[in-house]
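The values are calculated or read from the model by the stated rules, or taken from the named source; none is laboratory data. Values in this document were obtained by computation on a predicted structure and should not be read as measured data. Because the Cβ atoms are built from the backbone with ideal geometry, glycine has one as well, and the counts that use them run over all protein chains shown.
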Amino acid sequence: MGTPSCASGNHDLSTGFSPIGWNPKWSVMRPLAIIGLVLIFLGVAGLVVGRVSFTTERKVVDLGPLTASVDEKHNIFVPDIAGVCAVAAGLVLVVVSRRRI
């Protein structure tokens, strides 16, 4: 019988090929793939950077117009295992999203 085709005969529905390049299966990126890519990016960033530093300002004395403040430095360390787990989870999500059609 052959492969099904569009009524106009312009493209083959079994492959999703269209002369104008539009493929309904891939017209919108799947949410799982997007989440997977974000996890991969954050995991690699965590492995490369290793820690995040930031400074906050805390008021020590506040007597009318006279104020005194202290800058406090904070460090947040990103464990290597967290970066590796994020990359692995992201890869799993991307692979799973590609297989579900």
- Only residues in the range 35-61 that are at pLDDT below 90 count as the first member; pair them with residues that are among the small types (Gly, Ala, Ser) and loosely packed, with under 13 Cβ neighbours inside 10 Å, Cβ under 6 angstrom, at least 6 apart or cross-chain, and list the lot. Lys59/Ser69; Val60/Ala68; Val61/Ala68
- Message: Going residue by residue through the range 7-21, is there one that turns out to be of a type in the set (Asp, Glu) and modelled with pLDDT of 85 or more?
- Response: no
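To keep it simple, each residue is scored yes or no on (1) among the polar types (S, T, N, Q); (2) touching a Lys or Arg at 6+ places or on another chain (Cβ under 7 Å); (3) not in a helix (DSSP H, G or I).
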| position | (1), (2), (3) |
| --- | --- |
| Ile40 | no, no, no |
| Val48 | no, no, no |
| Val52 | no, no, yes |
| Lys73 | no, no, yes |
| Ile76 | no, yes, yes |
| Ile81 | no, no, no |
| Gly90 | no, no, no |
| Val95 | no, no, no |
| Arg98 | no, no, no |
- Query: Within the range 42-95, which residues are touching a helix residue (DSSP H, G or I) at 6+ places or on another chain (Cβ under 9 Å) and small (Gly, Ala, Ser)?
  - Reply: Gly43, Ala45, Gly46, Gly50, Ala82, Gly83, Ala86, Ala88, Ala89, Gly90
- Whichever residue in the range 28-53 is closer than 16 Å to Asp80 by Cβ and within 8 Å of the chain's Cα centre (by Cα) and, among such residues, is surrounded by the fewest Cβ atoms within 10 Å (Cβ to Cβ): Leu42
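Report whether or not Val70 is surrounded by 10 or more Cβ atoms within 10 Å (Cβ to Cβ) and within 30 Å of Ala33 (Cβ to Cβ).
Here the answer is no, as Val70 does not meet what is asked.
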- Message: Taking the conditions exactly as written (within 21 Å of the chain's Cα centre (by Cα) and either of a type in the set (A, V, I, L, M, F, W, C) or farther than 30 Å from Arg30 by Cβ (or both)), does Ala68 satisfy them or not?
- Response: no
